[in-house]
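See below for the structure under consideration.
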Amino acid sequence: MAHITAGGMRIAVREEGEGRPVVLIHGNSASSGTWARQFDSPLVDRARLIALDLPGHGASDRAADPADYSMPGYAAVVAQVLDALDATGAVLVGWSLGGHIALEAVPLRDDLAAVAIFGTPPVGKPPAMDQAFLPNPAMDVGFTADVDTAGAEAYAASFLAPGSTLGTEPFTADILATHGGARSGLMASIGEGRFADELEVVAGMRIPLAVLHGEGEQLVSLDYLRGVEAPTLWRGEVQVIPGAGHAPHAEAPEACNGLRGDLLDEL
């Protein structure tokens, strides 16, 4: 794990492999460690994997300005990381909040090759939250500054498909380690409308957009995803991954990584 400077902060970055850059953007209250099953896979032999800890997460600095805890703030950091690493022609891969950040970054970069998102329903302004997301009280934890162990465990459990045997300990540890201001700041920024109209971004994209969805997803509506106008939708449909919930990169890594490999092959 190395550190680079972006947005005036020290940002932790893990990088392995050679070839086209594939930038892995983690979700709310997570870290680059969530991509362990991508770095320990054949993907690292086919691409240059880059994973960063967002500000306030993992081993990165906390944001000095609470306004940086927002989707445009995070997207600006991602764009600066790409510049610092000379990662042109990249594929952005975003999980959950990371997917929203990837969409936010699309207008900032004219050299992107593709975007892949999962656990991420593109939303408009105002966002139709009741349609895009499934009713699950655990989601509230993702916008709460002070989270106790029970709350973190409940939030982590919502990432997995019902009945999953995958342990939630790594997710829980990341949630508890995240700066609480990152969660409350994100909520404040959404309430103030400081985010891109993602439906407009998706509708105007000229590069492939891969949308993956865990079959046992507990937070995001598949019906909503299928109704999003996405002219460049990869393979013309949402790719549903069996045996996974909100975090298919961890629950079904072989299937998830295989789809990403296929996308790389087609670029």
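The values are calculated or read from the model by the stated rules, or taken from the named source; none is laboratory data. The shown structure was predicted, so the numbers you read here are calculated from the model rather than taken from an experiment. All Cβ positions, glycine included, derive from the backbone under ideal geometry; neighbour counts span all protein chains shown. Heavy atoms of the whole protein, side chains included, go into the accessibility calculation; ligands, DNA and RNA do not. Shrake-Rupley method; radii C 1.70, N 1.55, O 1.52, S 1.80 Å.
If you go through the range 100-126 and pick out every residue that is open to solvent by less than 40 Å² (accessible area, probe 1.4 Å) and assigned to a loop (DSSP other than H, G, I, E, B), you end up with 9. Here is a check on your reading of the model: is PRO253 of a type outside the set (Gly, Ala, Ser), farther than 26 Å from PRO55 by Cβ and touching a Ser or Thr at 6+ places or on another chain (Cβ under 6 Å)? In short, no.
Looking only at residues that are part of a helix (DSSP H, G or I) and touching a residue at least 24 places away in the same chain (Cβ under 8 Å) in the range 169-179, which one is least open to solvent (accessible area, probe 1.4 Å)?
Of the residues in the range 169-179, the ones part of a helix (DSSP H, G or I) are 169-177.
Subset that is touching a residue at least 24 places away in the same chain (Cβ under 8 Å): 170-171, 174-177.
Values: PRO170: 88, PHE171: 17, ASP174: 37, ILE175: 1, LEU176: 80, ALA177: 72 Å².
Once the filter is applied, the top-ranked residue is ILE175.
Within the range 127-134, does at least one residue satisfy the condition of being under 24 Å from PRO55 (Cα atoms), in contact (Cβ under 8 Å) with a residue 12 or more places away in the chain and of a type in the set (Phe, Trp, Tyr)? Checked against the condition, which is being under 24 Å from PRO55 (Cα atoms), in contact (Cβ under 8 Å) with a residue 12 or more places away in the chain and of a type in the set (Phe, Trp, Tyr), the range 127-134 yields no hits at all.
Please verify whether SER60 is among the polar types (S, T, N, Q) and out of contact with any Gly (no Cβ under 8 Å at 6 or more places or on another chain), treating the condition exactly as stated.
Values: among the polar types (S, T, N, Q): yes; out of contact with any Gly (no Cβ under 8 Å at 6 or more places or on another chain): yes.
In short, yes.
Scanning the range 129-143 for residues that are closer than 18 Å to LEU225 by Cα and open to solvent by less than 30 Å² (accessible area, probe 1.4 Å) yields one hit, ALA132.
State yes or no: is ALA67 under 26 Å from ARG206 (Cβ atoms), open to solvent by 10 Å² or more (accessible area, probe 1.4 Å) and not β-branched (Val, Ile, Thr)? No. Applying the criterion of at least 1 residues that are open to solvent by 20 Å² or more (accessible area, probe 1.4 Å) and either β-branched (Val, Ile, Thr) or touching a Gly at 6+ places or on another chain (Cβ under 9 Å) (or both) to the helices (runs of 4 or more DSSP H) found wholly in the range 180-267 leaves 180-191, 198-204, 248-251, 253-266. Among the residues of this structure, ALA152 does not count as one that is over 20 Å from ILE101 (Cβ atoms), assigned to a helix (DSSP H, G or I), open to solvent by less than 20 Å² (accessible area, probe 1.4 Å) and in contact with a Phe, Trp or Tyr (Cβ under 7 Å, 6 or more places away or on another chain). Scanning the range 139-149 for residues that are in contact (Cβ under 8 Å) with a residue 24 or more places away in the chain and more than 18 Å from the chain's Cα centre (by Cα) gives THR144, ALA145, ASP146, VAL147, THR149. Name the single residue that is farthest from VAL13 (Cα to Cα) among those in the range 64-90 being part of a loop (DSSP other than H, G, I, E, B) and modelled with pLDDT under 95. Ranking the qualifying residues of the range 64-90, first place goes to ASP65. Selection of the range 43-53 for residues being touching a Leu at 6+ places or on another chain (Cβ under 8 Å) and part of a loop (DSSP other than H, G, I, E, B) yields ARG46, ALA47.
Only one residue in LEU160, LEU166 is open to solvent by 20 Å² or more (accessible area, probe 1.4 Å), closer than 30 Å to ALA252 by Cα, in a loop (DSSP other than H, G, I, E, B) and touching a residue at least 60 places away in the same chain (Cβ under 8 Å), so which one is that? Outline the logic, then answer.
Numbers: LEU160 fails: open to solvent by 20 Å² or more (accessible area, probe 1.4 Å).
That would be LEU166, the only listed residue that is open to solvent by 20 Å² or more (accessible area, probe 1.4 Å), closer than 30 Å to ALA252 by Cα, in a loop (DSSP other than H, G, I, E, B) and touching a residue at least 60 places away in the same chain (Cβ under 8 Å).
Scanning the range 1-42 for residues being part of a strand (DSSP E or B), in contact with a His (Cβ under 9 Å, 6 or more places away or on another chain) and of a type in the set (Ser, Thr, Tyr) gives a total of 0.
Under the condition of being of a type in the set (Gly, Ala, Ser) and modelled with pLDDT of 95 or more, the residues counted in the range 1-16 number 1.
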